[in-house]
Amino acid sequence: MAMHIGEHCGHFGAPESRDGSPTPRRGPWRSDQARKWIGALATVLGGVDTLVFAGGIGEQSAVIRARICQGLAFHGIEVDEERNRTDAAVVSPAHVPVAVRVIPTNEELVIARSVARVLGVA
């Protein structure tokens, strides 16, 4: 099962920028709200195999990834500080049961393809 929890969801509370600092120009985003969703889904699903960060803040901010994963170790979700800092493809330590991955995403291309499909030109 995959679920998108991202910066475009408009009900997450106070804004944060890619470096984790508050900013009034950014859309609503809170790492604690994302963490709450992940924890709830992991509980309902009976665990998580992989957590993927893709596009925007999740792909480009080690600070936000670390904040989101903070406190989720009891679900097997941890971030290796060095791997996370260097934007490795897998930012979780090797010994944990849940792989935390960073997957580059071309969001503009995904949006363009979706629009073309809706318009019937794809």
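The values are calculated or read from the model by the stated rules, or taken from the named source; none is laboratory data. What you see is a predicted model, and the numbers here were worked out from it, not measured in a lab. Here the Cβ is made from the backbone with ideal geometry for all residues, glycine too, and neighbour counts use every protein chain on show.
What the table below lists for this structure:
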quantity: Residue in the stretch 101-111 that is under 21 Å from Thr43 (Cβ atoms), touching a strand residue (DSSP E or B) at 6+ places or on another chain (Cβ under 9 Å) and aliphatic (A, V, I, L, M) present; calculated: no
quantity: Enumerated helices (runs of 4 or more DSSP H) restricted to the stretch 50-112, each holding at least 1 residues that are at pLDDT 90 or above; calculated: 62-69, 81-85
quantity: Meets criteria (surrounded by 14 or more Cβ atoms within 10 Å (Cβ to Cβ) and more than 24 Å from Asn106 (Cα to Cα)) for Ala34; calculated: no
